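Comments concern the structure below.
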Amino acid sequence: VQLQAYGGGLVQAGGSLRLSCAASGRTFGSYTVGWFRQAPGKEREFVAATIWTGGSTYYSVSVKGRFVISRDNAKNTVYLQMNSLKAEDTAVYYCAADLLLSAGYREVDRYDYWGQGTLVTVSS
């Protein structure tokens, strides 16, 4: 499956952005999809995930209550709605997918497929 992440940009603190992750090549319904981010000089970190079965969603502590992950399997797209953005949210955001993944969804090395990343810059 090929992933393309887009929707990043420059936004002021307190603003909102919606990222999209579009998949091609396979239907998305059986894939767990995660969003990760990497700030300059830091390791890639988990942001949110939507699990292929049951529709469960999970968030990191730092974004819970501000970000919402959702999926539209008919469009093969997963979204990350980011609200109340802070300067510390500045990073390159990546989407990732793995077939039938049910555990370890917070771990970078559990995902086989990655998008190219989209830059989010939050100005304070």
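Computed from backbone phi with θ = phi - 60° and the Karplus coefficients 6.51, -1.76 and 1.60, the 3J(HN,Hα) list for the stretch 109-119 is 7, 8, 9, 8, 10, 9, x, 7, x, 9, 7 Hz; x is used for glycine and proline.
Entry note, the stretch 1-99: relative contact order of 37 percent, from Cα contacts under 8 Å with a spacing of 6+ residues.
Take every Cα pair under 8 Å whose residues are at least 6 apart in sequence, average their separation, divide by the length of the stretch 41-103, and the relative contact order is 27 percent.
Expressed in nm², what is the orientationally averaged projection area of the convex hull enclosing the Cα positions of the stretch 1-103?
6.3
Residue 38 sits among other residues whose Cβ lies under 15 Å from its own Cβ, and their net charge, with Lys and Arg +1 and Asp and Glu -1, is -2. Could you check how much of the accessible area of the chain is carbon and sulfur, as a whole percent, using a 1.4 Å probe? That share works out to 48 percent.
Most tightly packed first, judged by the mean number of other beta-carbon atoms within 10 Å of their residues, the peptides 109-115, 34-40 read 34-40, 109-115. Summed over the residues of the chain and divided among them, the accessible surface reaches 50 Å² per residue at a probe radius of 1.4 Å.
The values are calculated or read from the model by the stated rules, or taken from the named source; none is laboratory data. Quick caveat, the model's predicted, so the values are computed rather than measured. No Cβ is skipped: glycine too gets one built from the backbone with ideal geometry, and neighbour counts run over all protein chains shown. We work out accessible area using only protein heavy atoms, side chains counted, and drop any ligands, DNA or RNA first. Shrake-Rupley method; radii C 1.70, N 1.55, O 1.52, S 1.80 Å.
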